[in-house]
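Notes follow the structure.
The values are calculated or read from the model by the stated rules, or taken from the named source; none is laboratory data. For clarity, every value in this text was computed on a predicted model and none was experimentally measured. Here the Cβ positions follow ideal geometry from the backbone for every residue, glycine too, while neighbour counts run over all protein chains shown. We work out accessible area using only protein heavy atoms, side chains counted, and drop any ligands, DNA or RNA first. Shrake-Rupley method; radii C 1.70, N 1.55, O 1.52, S 1.80 Å.
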Amino acid sequence: MRWAQLTLAENDPGQYDLHFWLDYFARTHSDAACLSAGGCVAFYPTKIPLHYRSQWMKDTDPFGDLVAGCRKLNMVVLARTDPHAVHPDVYAAHPDWVAVDAEGRKRPHGSMPGWWITCALGPYNFEFMTQVTREIVTLYRVDGIFSNRWAGSGMCYCEHCRDNFKAATGFDLPRTLDPQNPARRAYMEWKQQRLFALAAVWNGAIRGVNPGACFIPNSGGGALSELDMKTIGELAPIIFADRQARSGLAAPWSNGKNAKEYRATMGAKPVGAVFSVGVEEAYRWKDSVQSGPEIRLWVLDAIANGQRPWFSKFCGTLNDRRWLPVVEELYNWDYRNERYLRNLAPLARVGMVYSQQTAQYYGGERARQKVEDHTLGYYQALIEARIPFEMVHDRLLDAAHLAAFKVLILPNVAALSDLQCRQIHEFVERGGSVVATFETSLYDEWGVRRPDFGLASLFGASFDGAGGGLDARMMNSYLRLETDPQTGRRHPLLAGLEDAERIINGVSRVHTRAAAAAADYRNPPLTLIPSYPDLPMEEVFARVPKTDIPEVYVRQAGAGRVVYFPWDIDRVFWEVLAVDHCKLLRNAVDWAADEPRPVVVEGPGVLDVTVWRQKESMTVHLVNLTNPMMMKGPLREFLPVPAQRVAIRLPEGQKGRRIKLLVSGQTPHAQQSNGQIRLTIPSILDHEVVAIEF
Ligand SMILES: [Zn+2]
């Protein structure tokens, strides 16, 4: 439940305080540790030739001492290896183990003079590191090997990669990043196969010695991550999200997003949240200490999203102790409330799909803008709307994986196979609802454009490819909010925009036409007002103030509902954060859900709201993100939000027996009726958790 990582510096042996660390592990109630063992630098008396030993350890065994101390504390122990770099003598003995760049040059280490970057896909990892792995497990019988930077440092052109790739695929190593290039596409697949094969070799070596142990790759993530998360979810019994802190412009919910992405394929298996106590920016101050509130917010949002905290401290010799009480306090709260943090399943009814294949084959080098920015925009809108939701992996759209959800959001999930489209159709046939944006399903799983949307019949709209089919960059375009001439009313999608006649459009739009049979579309709630001159100011007036071109398609499909925005509403929301777009994104989900939310939280501020079920209880986490440093840390302080009114829907057939607030410790005055519990939380500083025992 609580992890401690101490990454030793080479000169720690002989000068760091072992007993201080063991005492800190005990005081934080850490029940598992990850400790530096080998790879770049060995911290134990290895017998393997060329396995470089810390020059400070002399005849001691720093790793062994730490393992022994942790075992006395009854802790689970992982050994950390890092195979990404080697010492000059390794290069001299095995020059072929070193990575090679596109120009054929051996790759020196960027930070450590004299050291070299290794090839991840050749004999260095497959043979040498397998020996290292086996030796560590044999000597210390650890519970697992956690390997850092094991998957390579960019593309390698060494002789092994060249020959193995040619033998496997018939291609020469690609020199382009274009995913539509056949060699590049083959390489992307081959590299994954090679890494999963490596993981299997190491796992086999480990389990050959200790059948209860396993290999844990430091890998994974969302759409932009390289290795297929579905496969990782099948192979790994536990995984850790190595997202150490915010850097640059980053939302405070980013760590919760990591949690959701990992859980999408890990299911109920444990997922840890690796967090740094230091500043994480490009300048790599690895020895630094972050602001206390920033550490807290990062960790609390991970816990609220079902992850188990893992602090990561580089260097055993402390130069700045300010982080120690911050982590100790967090871990002690976690320890005291552990029974309410052992979640069985989230109770969210909304799932947002993420798609690695869309990022890789449709997004390519621009995946961040073309794919991830859509997700980030919708994510922010759901946070603002306080709608609990999960992330869903696009290769897990079968009935079992979608059973918990009423609404599936597809934020420009452009690349979908026929099978995936069929699974989404079946989801709707079972009564599910879909909200989709922009080019969703317009490409197949390899990023090749289809003649029409794979989900055309679901959208009730077809792709209109004449004239290119896309306005890539619209300036000064608007949406007209329509009133149904028959009823004189507006669609619920436009709730909160009653006093507006037009609002800003997005930037890119797909040309569509309504399916002929779709009677629903005679009066689309939003229509296009095409771009008009934005300069000189005298000329800024709409040349075409009204069209009948739908900018949203809404329809009832059996018991399900479908909302399709043929434009980049989510991506533009991430860029511009216009509140009108936020309302549309929120209303689309609420209308599609067509049922009360599992939890409604009313009051000022921005909160991440998650809802969970445990064995004999349920919890609602509320993480207070309201802060002037919300979109760019580090936080200076927490600012409390005032009273929040909370209405929680109980799972079918359950009654709340005891209700308490796990942070303030108070027992709130609550009313229970019709399967719902209502209460008021007077104030939230950093977070609060409502726990309801059944
Ligand atoms: Zn190589």
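General remarks:
- Every condition in (1) assigned to a loop (DSSP other than H, G, I, E, B); (2) over 25 Å from Gln192 (Cα atoms) is met by Glu390 except one, and the failing one is (1).
Let's see how each residue does on (1) more than 13 Å from the ligand (Cβ to nearest atom); (2) touching a Leu at 6+ places or on another chain (Cβ under 9 Å):
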| residue | (1), (2) |
| --- | --- |
| His87 | yes, yes |
| Ile117 | no, no |
| Ala120 | no, yes |
| Pro123 | no, no |
| Gly154 | no, no |
| Lys166 | no, yes |
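- Pair list, Cβ under 7 Å, 6 or more apart: the stretch 148-160 residue polar (S, T, N, Q), other residue in a loop (DSSP other than H, G, I, E, B) and more than 8 Å from the ligand (Cβ to nearest atom): Asn148/Asn218; Ser153/His84
- Filter result for the condition that a residue is part of a helix (DSSP H, G or I), open to solvent by less than 40 Å² (accessible area, probe 1.4 Å) and of a type in the set (Gly, Ala, Ser), over Ala200, Ala167, Ala205: Ala205
- Selection count, the stretch 390-404, where residues are closer than 18 Å to Arg597 by Cβ and more than 13 Å from the chain's Cα centre (by Cα): 1
- Residue among Pro108, Pro113 that is within 30 Å of Asp178 (Cα to Cα), without any contact (Cβ under 8 Å) to a residue 12 or more places away in the chain and away from the ligand (no atom under 12 Å from the Cβ): Pro108
- Filter result for Arg185 (surrounded by 16 or more Cβ atoms within 10 Å (Cβ to Cβ), more than 15 Å from the ligand (Cβ to nearest atom) and either at pLDDT 95 or above or farther than 30 Å from Thr375 by Cβ (or both)): yes
Rundown of residues vs (1) under 30 Å from Ile303 (Cβ atoms); (2) out of contact with any Lys or Arg (no Cβ under 9 Å at 6 or more places or on another chain); (3) of a type in the set (Asp, Glu), yes/no style:
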residue: Met537; (1), (2), (3): no, yes, no
residue: Val544; (1), (2), (3): no, yes, no
residue: Thr547; (1), (2), (3): no, no, no
residue: Arg571; (1), (2), (3): yes, no, no
residue: Val579; (1), (2), (3): yes, yes, no
residue: Val601; (1), (2), (3): yes, no, no
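- Cross-chain or 6+ apart pairs with Cβ under 6 Å, the stretch 1-20 first and closer than 16 Å to Thr60 by Cα, then among the aliphatic types (A, V, I, L, M): Glu10/Val41; Pro13/Met57
- Looking across the stretch 493-521, the residues that are modelled with pLDDT under 95 and surrounded by fewer than 12 Cβ atoms within 10 Å (Cβ to Cβ) come down to Ala516, Ala517, Ala519.
- Test result for Ile303, farther than 24 Å from Asn624 by Cα, touching a strand residue (DSSP E or B) at 6+ places or on another chain (Cβ under 8 Å) and crowded, with 24+ Cβ neighbours inside 10 Å: no
- Some residue of the stretch 194-204 being in contact with a helix residue (DSSP H, G or I) (Cβ under 6 Å, 6 or more places away or on another chain) and within 15 Å of the ligand (Cβ to nearest atom): yes
- Count - residues of the stretch 669-686 that are part of a strand (DSSP E or B) and open to solvent by 10 Å² or more (accessible area, probe 1.4 Å): 7
- Selected residue (only one of Thr619, Thr626 is open to solvent by 10 Å² or more (accessible area, probe 1.4 Å), hydroxyl-bearing (Ser, Thr, Tyr) and at negative phi): Thr626
- Count of residues meeting criterion [over 8 Å from the mean Cα position of the chain (by Cα) and open to solvent by 10 Å² or more (accessible area, probe 1.4 Å)] in the stretch 250-279: 9
- Residues being open to solvent by less than 40 Å² (accessible area, probe 1.4 Å) and on the phi > 0 side of the Ramachandran plot - total across the stretch 126-143: 0
- When the stretch 428-447 is filtered for residues that are surrounded by fewer than 24 Cβ atoms within 10 Å (Cβ to Cβ) and either at positive phi or under 26 Å from the mean Cα position of the chain (by Cα) (or both), the ones remaining, listed by number, are Val428, Gly431, Tyr443, Asp444, Glu445, Trp446, Gly447.
- Identity of the residue in the stretch 89-105, among the acidic types (Asp, Glu) and within 16 Å of the ligand (Cβ to nearest atom), that ends up surrounded by the fewest Cβ atoms within 10 Å (Cβ to Cβ): Glu103
- The set of residues in the stretch 170-182 that are in a loop (DSSP other than H, G, I, E, B) and either crowded, with 16+ Cβ neighbours inside 10 Å or away from the ligand (no atom under 16 Å from the Cβ) (or both) comprises Gly170, Phe171, Leu173, Pro174, Thr176, Leu177, Asp178, Pro179, Gln180, Asn181.
- Residues located in the stretch 119-156, provided they are among the hydroxyl-bearing types (Ser, Thr, Tyr) and in contact with a Lys or Arg (Cβ under 9 Å, 6 or more places away or on another chain): Ser147, Ser153
- Test for Ser147: is it among the hydroxyl-bearing types (Ser, Thr, Tyr), on the phi < 0 side of the Ramachandran plot and within 12 Å of the ligand (Cβ to nearest atom): no
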